[in-house]
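Below you'll find the structure, written out as structure tokens, and then a few comments.
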Amino acid sequence: MTSTPAATTSLPTPADVDAALDRIAPYVRRTPVLSTRVGGRALTLKLEHLQTTGAFKLRGALNAMLAAGAPQRVVTASGGNHGLGVAAAARMLGAEALVYVPETVPEVKARRLEESGAELVRTGSHYAEAAEAARARAEAEGLRYLHAYDDPDVVAGQGTIGAEIAADAPESDCVAVAVGGGGLVAGVRLGAGRRRVVGVEPEGCQSLHAALAAGEPVAAPVDSVASSALGAARVGDVPFGVLRRRPVETALVTDPEITAARDRLWDEFRIAAEPAAAVPFAAWLAGRVPGDNPCLVVCGANAAWTPQE
């Protein structure tokens, strides 16, 4: 299925990120940054896993709903975290949310979605199949479809993370984020000012690398320990459009590097991150993130997880 921007064909700008920052401020947590050293190297962590719902996705969902005049009923598809964000945003704004998820969604995310009050529909084995069913439902019932990443308002909302880093960690010279469909990395590119930005992907989920190699978004394999959150088979048109105008650097990490980084986040900081949230740290540990004091976005903590003894 070819993705198309859900709200408008225009690309978001840094001004849109600034507007989103003001728009969502009454609802979201301004998550802290932690300046530290690991192995003698300076490092800053943006603790976005402390966000309401346990992941960054609330930002984009809220911005999209508020920018659309807070519709009373919305539909979305999600691997879990975006659905939680949409469900929470709908609850905050007095609306109803219909959330389509693949049958492979982690049970911890499915349980939290059901507890959120959203109507949960399981269909397909991958995100793309759930998204196709959700979009059909939206078209049939005339509902606002909130794309997980291919929507200018969603991208601008995620970009508020970059704006907060620029304000709260001015000493950080680089920001590294995990990449799934590209909404977070595109938003952070818009919000982080002149800092270098690195988009990090698992070797088994290379939607951005594939798009950059092809010169346009194309389908890519989905096979990684982090695929429940980073399992978009195709980078979004809106994020790719942003990144064509404002390029970022890229890096790849292996599944063993991801799980080792996840365990080290626990060992060093008692951060119980989900695998996707450990992806930037994995790249940094492997020497694939530039800068003297980079900021790594710990983007979520919604996974059934037990640290290594």
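Descriptive notes on the structure:
- Axis of helix 57-67 versus longest Cα principal axis of the chain: the two differ by about 40°, to the nearest ten degrees.
- Modelled spin-label separation between ASP263 and SER125, with each label point placed 7 Å from Cα along the Cα-to-Cβ direction: 2.9 nm.
- Taking 7 Å steps out from each Cα toward its Cβ at ARG30 and ARG137 produces label points 3.6 nm apart.
- Only helical runs count toward this figure. For the chain, summing -39,500 (n - 2.57) over DSSP H runs of n ≥ 4 and dividing by all residues gives -12000 deg cm²/dmol at 222 nm.
- Rolling a 1.4 angstrom probe over the protein heavy atoms with all chains in place gives the chain an accessible area of 38 Å² per residue.
- Summed residue charge, Cβ within 14 Å of LEU21's Cβ, Lys/Arg positive, Asp/Glu negative: -2
- Apolar share of the accessible surface for the chain: 47 percent from carbon plus sulfur atoms, 1.4 Å probe.
- Count Lys and Arg as plus one, Asp and Glu as minus one, and take only other residues whose Cβ is under 9 Å from that of VAL248; the net charge is then +2.
- Net charge contributed by nearby residues that have their C-beta within less than 15 Å of SER125 (K/R +1, D/E -1): -3
- Label assignment, Rg/Rh (Cα atoms, Kirkwood Rh) derived from the structure, set (1) 1.03; (2) 0.96; (3) 0.93: (3)
- J(HN,Hα) series, the range 40-45, from Karplus relation 6.51 cos²θ - 1.76 cosθ + 1.60, nearest Hz, glycine and proline x: x, 9, 5, 7, 10, 10
- Sparse packing (at most 12 other Cβ atoms within 10 Å of the Cβ) combined with a DSSP loop state is found for the following GluC sites (Glu not before Pro) in the range 141-221: GLU171.
- Alpha carbon centroid spacing (whole Å) that separates the range 4-77 from the range 152-189: 8 Å
- Among the trypsin sites (Lys or Arg not before Pro) found in the range 211-309, those both in a DSSP coil and sparsely packed, with 16 or fewer other Cβ atoms within 10 Å of their Cβ, are ARG270.
- With both residues required to sit in the chain, DSSP beta bridges show an antiparallel share near 20%.
The values are calculated or read from the model by the stated rules, or taken from the named source; none is laboratory data. Treat the numbers as computed from the prediction; the structure is a model and nothing was measured. Every residue, glycine among them, receives a Cβ derived from its backbone with ideal geometry; neighbour counts consider all protein chains shown. Remember, those area values only see protein heavy atoms, side chains included, never the ligands or the DNA or RNA. Shrake-Rupley method; radii C 1.70, N 1.55, O 1.52, S 1.80 Å.
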